[in-house]
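The values are calculated or read from the model by the stated rules, or taken from the named source; none is laboratory data. Keep in mind the model is a prediction, meaning the values are calculated, not measured. Positions of Cβ are backbone-derived with ideal geometry, glycine not excepted, and every protein chain shown enters the neighbour counts.
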Amino acid sequence: MLYSGNLLFNIQAQPKIEPTLITISTEELSMIFGTNSAGTLMFHHFGNKINDPSAFRIKKSYRRSDYGTDPEGYSTNGGRNFREPALRITHSDGDLNTELIYQSHTQRLLEDSNVQETVIRLKDRKLPLLVNITVKAFQKENVITQSIQIENQELSEIVLHNYYSMYLPVKAERYFLNSFAGDWAKEMGLEENQLTHGIKSIESKKGMRTTRTENPSFLLSLNAPMDENYGEVIGGALAWSGNYKLNFELDEFGVLNISAGINPFASEYHLKKGETFATPEAIFTYSNVGAGGISRNLHDWARNYGVYDPLTIRPTLLNSWEGAYFDFDEKTITDMVDDAAEMGLELFVLDDGWFGNNYPRNGSGAGLGDWQVNIKKLPRGIDYIASYTSEKGLKFGIWIEPEMVNPKSDLAIAHPDWIVKSNGRDMPTIRNQWLLDLSNPDVQDFIFSVFDNVMQQSSHISYVKWDANRHAESVGSAYLDDNRQSHFWIDYTKGFYNVLERIRVKYPETIIQTCASGGGRVDYGALKYTQEVRTSDNTDALSRIFIQYGTNFIYPTIVTGSNVSAVPNHQTNNVTPLKFRFDVAMSGRLGMELQPKDMNDEDREFAKQAIADYKSIRDLVMFGDLYRIASPYDNQGYYSLSYVDKDKKRAVVYGYCISYRGRGLTPKFKLRGLDPDKKYLLKEINKLTKKSNFWGDGQIFSGQYLIEEGINPHLQKMYDSAVFSLVEVE
Ligand code: DGJ
């Protein structure tokens, strides 16, 4: 029934609100809202700092109001807003309209005064529906986060349809959206599209492995195609591991309306009287020095606020997967540990295949859910090999996939009600497995207990690789009420976070790597609780250049695991030199994933040197500023990047030849981020022979020379590569 009852909240009853300006700022950016005479929160500015915003008080719009409203602060369904609404509700009386009116706002400084928190309180003009916009402004990082809290004080239940975390209207001449797309083993490919009128969306409806094909992140270049070093760019990401949607709607006024948040797809959320719904955070920033500025701001924010345990160096590792797959016994593992120790690696990770007895995990077809050690493969248990690893001076890590169950498992037989399924329909498997229903608190308890019990198997476990190898499909929850089935997508993700919260209370120091068939869970929602991601299942170094290049636009290198594997590569069949594989992997968190027994002595010696050299520069990789020097997408045949420490005293520079362009061509890598007034000693590291790839090896250069003239290493043949260390000299 429409408009019944509550005329109490009619516009006439509202006091007239004096126009107000709300200025949110970081060291270099401002975001400015204001109210109009009707009390609506309007959006004014996001970009470089405006020290005197007072003109926004009197700014006039030439827009005819019957053509649609000027950009609002948080767009809703109703009135003359004809855009995709950030908030769309069916109210308790059936009303489909929401008109948010400014009530008040507060601002305060949090945490060491680096975070300015602004809460803007809004209320529907007619009904007691309260909406808070919480904006945090990270001063030094020049990053903004925004989330929304929706409180139902109406007489009965309301239904939320759209409830985006962020709404940002942008005005420029032209818009170039850069986003990430791909597939399994081909994640995070960079795509640029000039936006035309209508809506372009980036989204996932898969429920799980949501970042396998697209990623909840973007870079929007204003006026011109995106450049690494020049031009205005807005970039951001959503901290959510479930279904997401980011909309870019170009309207008839030339305004690009960005809304980003949980995907409304099949996700109507019922909110009882008195309940509050809180959205995840959207994170965004602005740069007028191109895409590089966006990445550096996001990385700084991530390392200070967005990633779990951001200040600890991630250890180098040997992972058993591509070296042994499911086929191992105790000796296979202890031999691998010996080899890892000999090469100077710091962690050994036992991957899939160690569990299941009634249904042994000897392939992907059985055992998931039965997290007891397989006594045939490992008769002395996990503690034996974990202690062995520890005695060799390495940390020990183990693989789990606790959200999943194989039909062939004790768990599937004991708890059919825990499996996500639509009753009376087929129960399709993906990789022979079903998904457990994390919206159910009992399942949350179970998954916590899986982690807990695995950790109890040995005091030497300090790393857990948390995998997830299927999407959610044919969704149905035996736990949720019939009229709450659409809550599944949200309650699943909240259940996942709830388990991680509990794990973090008990295991604050354990390193957790998220993996979802490789790069399917690369998002700032999970990274709040975890230290690193398996960037991709594709370990081919050439493919990795593109995958890591894309991933590190948004996510800092400290989280991106990168393993050297055997050739021909198991995913692509590509054959690359060992040095090239190491040089690519050492631009991320270096690891290895092969059977060391298959390496010859020369390769093992080289691996030892590469690992030692990596240790000498890895603090730069993990904590330095990323400067991309040559893009692998530019078709020039090269890729180059560098990390520079905050004091500009040290840097590491990588160069790779990724396609043959003829004998006459050499690269000119103009280095970025250095201090032009400093002098640097340049040394090539991880050399294959004594001969250097660059005539300037061992020489001192001025920062100015390196910035203006650059270096021209001899990288001409396919897969030639070089790594240089720069250290300031007096
Ligand atoms: C998929 C992961 O991405 C791989 O690294 C490996 O852990 C397998 N699952 C194990 O089944």
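What are the residue pairs meeting all of these: first residue in segment 401-417, first residue in contact (Cβ under 8 Å) with a residue 12 or more places away in the chain and β-branched (Val, Ile, Thr), second residue within 16 Å of the ligand (Cβ to nearest atom) and part of a strand (DSSP E or B), Cβ atoms under 9 Å, and 6 or more apart or on different chains?
From segment 401-417, the pairs are 405/433; 405/434; 405/435.
Taking residue 520 and the conditions (1) buried (at least 24 other Cβ atoms within 10 Å of the Cβ); (2) touching a strand residue (DSSP E or B) at 6+ places or on another chain (Cβ under 8 Å); (3) closer than 28 Å to residue 448 by Cα, which numbered condition does it fall short on, given that it satisfies the others?
Every condition holds for residue 520 apart from (2).
Could you check segment 345-399 and list, in sequence order, the residues that are outside any loop (DSSP other than H, G, I, E, B) and acidic (Asp, Glu)?
Scanning segment 345-399 gives 383, 391.
Among the candidates 242, 236, 207, single out the residue that is touching a residue at least 40 places away in the same chain (Cβ under 8 Å) and not in a loop (DSSP other than H, G, I, E, B).
It is 236.
If you go through segment 297-312 one residue at a time, do you hit one that is part of a loop (DSSP other than H, G, I, E, B) and either within 16 Å of the ligand (Cβ to nearest atom) or of a type in the set (Gly, Ala, Ser) (or both)?
Looking through segment 297-312, none of the residues is part of a loop (DSSP other than H, G, I, E, B) and either within 16 Å of the ligand (Cβ to nearest atom) or of a type in the set (Gly, Ala, Ser) (or both).
Regarding residue 522, is this residue touching a Phe, Trp or Tyr at 6+ places or on another chain (Cβ under 7 Å) and within 16 Å of the ligand (Cβ to nearest atom)?
yes
On the given criteria, is residue 249 of a type in the set (Asp, Glu), buried (at least 17 other Cβ atoms within 10 Å of the Cβ) and modelled with pLDDT of 95 or more?
yes
The rows are residues; the columns are (1) farther than 23 Å from residue 495 by Cβ; (2) not small (Gly, Ala, Ser).
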site: 391; (1), (2): yes, yes
site: 398; (1), (2): no, yes
site: 403; (1), (2): no, yes
site: 407; (1), (2): no, yes
site: 412; (1), (2): no, no
site: 422; (1), (2): no, no
site: 430; (1), (2): no, yes
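Let me confirm something: among 694, 669, 724, which residue is among the hydrophobic types (A, V, I, L, M, F, W, C), closer than 26 Å to residue 228 by Cα and touching a His at 6+ places or on another chain (Cβ under 8 Å)?
694
Hey, could you check segment 338-358 for residues that are touching a residue at least 60 places away in the same chain (Cβ under 8 Å), away from the ligand (no atom under 16 Å from the Cβ) and among the hydrophobic types (A, V, I, L, M, F, W, C) and say which is surrounded by the fewest Cβ atoms within 10 Å (Cβ to Cβ)?
First, pick out the residues of segment 338-358 that are touching a residue at least 60 places away in the same chain (Cβ under 8 Å): 339-340, 342-345, 347, 349, 351-352.
Remaining after also requiring away from the ligand (no atom under 16 Å from the Cβ): 339-340, 342-345.
Restricting the remaining residues to those that are among the hydrophobic types (A, V, I, L, M, F, W, C) gives 340, 343, 345.
Values: 340: 27, 343: 21, 345: 24.
Ranking the qualifying residues of segment 338-358, first place goes to 343.
Within segment 377-414, how many residues are over 15 Å from residue 328 (Cα atoms), away from the ligand (no atom under 16 Å from the Cβ), surrounded by 20 or more Cβ atoms within 10 Å (Cβ to Cβ) and of a type in the set (A, V, I, L, M)?
4
If a residue has to be under 31 Å from the mean Cα position of the chain (by Cα), part of a loop (DSSP other than H, G, I, E, B) and surrounded by 17 or more Cβ atoms within 10 Å (Cβ to Cβ) to count, how many in segment 15-54 make the cut?
The qualifying residues number 3.
Say we look at segment 298-314 and pick out the residues that are of a type outside the set (Ser, Thr, Tyr) and surrounded by fewer than 17 Cβ atoms within 10 Å (Cβ to Cβ); which of these is farthest from residue 111 (Cα to Cα)?
Filtering first and then ranking leaves 313.
Of all residues in segment 657-669, which are out of contact with any Asp or Glu (no Cβ under 7 Å at 6 or more places or on another chain) and of a type outside the set (Val, Ile, Thr)?
Result: 659, 660, 661, 662, 663, 664, 665, 667, 668, 669.
For residue 8, state whether it is in a loop (DSSP other than H, G, I, E, B) and either modelled with pLDDT under 95 or more than 17 Å from residue 121 (Cβ to Cβ) (or both).
no
Given 450, 464, 505, which one is within 16 Å of the ligand (Cβ to nearest atom), assigned to a helix (DSSP H, G or I), surrounded by fewer than 24 Cβ atoms within 10 Å (Cβ to Cβ) and not charged (D, E, K, R)?
None of the other options fit; the residue is 450.
Does residue 565 meet the test of being within 16 Å of the ligand (Cβ to nearest atom) and modelled with pLDDT of 95 or more?
Here the answer is yes, as residue 565 does meet what is asked.
Taking residue 666 and the conditions (1) in contact with a Pro (Cβ under 8 Å, 6 or more places away or on another chain); (2) without any contact (Cβ under 8 Å) to a residue 40 or more places away in the chain, which numbered condition does it fall short on, given that it satisfies the others?
Exception for residue 666: condition (2).
Answer yes or no: is there a residue in segment 593-602 that is under 22 Å from residue 655 (Cβ atoms) and away from the ligand (no atom under 16 Å from the Cβ). Reasoning before the result, please.
Step one: filter segment 593-602 for residues under 22 Å from residue 655 (Cβ atoms), giving none.
No, there is no match, as no residue in segment 593-602 is under 22 Å from residue 655 (Cβ atoms) and away from the ligand (no atom under 16 Å from the Cβ).
Which residues, taken from segment 555-586, are of a type in the set (Gly, Ala, Ser) and in contact with an Asp or Glu (Cβ under 7 Å, 6 or more places away or on another chain)?
Within segment 555-586, 561, 565, 566 qualify.
Kindly indicate the residue of segment 467-502 that is more than 16 Å from the ligand (Cβ to nearest atom) and basic (Lys, Arg) and also nearest to residue 213 (Cα to Cα) among those meeting that condition. Reasoning before the result, please.
First, the residues of segment 467-502 that are more than 16 Å from the ligand (Cβ to nearest atom): 472-502.
Keeping just the survivors that are basic (Lys, Arg) gives 484, 494, 502.
Working: 484: 28, 494: 22, 502: 30 Å.
By that ranking, first place goes to 494.
Hey, any hits in segment 315-330 for a residue that's crowded, with 22+ Cβ neighbours inside 10 Å, more than 28 Å from the chain's Cα centre (by Cα), away from the ligand (no atom under 16 Å from the Cβ) and within 25 Å of residue 568 (Cα to Cα)?
Within segment 315-330, not a single residue is crowded, with 22+ Cβ neighbours inside 10 Å, more than 28 Å from the chain's Cα centre (by Cα), away from the ligand (no atom under 16 Å from the Cβ) and within 25 Å of residue 568 (Cα to Cα).
Between a first residue in segment 287-301 that is on the phi > 0 side of the Ramachandran plot and a second residue that is buried (at least 23 other Cβ atoms within 10 Å of the Cβ) and at pLDDT 95 or above, which pairs have beta carbons less than 9 Å apart while being 6 or more apart in sequence or on different chains?
Once the first residue is on the phi > 0 side of the Ramachandran plot and sits in segment 287-301, its partners that are buried (at least 23 other Cβ atoms within 10 Å of the Cβ) and at pLDDT 95 or above give 290/221; 290/233.
For segment 159-198, which fully contained strands (runs of 3 or more DSSP E) count at least 2 residues that are surrounded by fewer than 19 Cβ atoms within 10 Å (Cβ to Cβ) and at pLDDT 95 or above?
Passing ranges, in order: 189-194.
Please determine, by comparing only the residues of segment 528-551 that are out of contact with any helix residue (DSSP H, G or I) (no Cβ under 6 Å at 6 or more places or on another chain) and outside any helix (DSSP H, G or I), which one is farthest from the ligand (Cβ to nearest atom).
Top of the filtered list is 528.
Being under 21 Å from residue 47 (Cβ atoms), over 27 Å from the mean Cα position of the chain (by Cα) and surrounded by fewer than 21 Cβ atoms within 10 Å (Cβ to Cβ) is the filter here; which residues of segment 106-147 pass it?
Passing the criteria: only 107.
Determine, yes or no, whether residue 214 is surrounded by fewer than 19 Cβ atoms within 10 Å (Cβ to Cβ) and closer than 30 Å to residue 404 by Cα.
In short, no.
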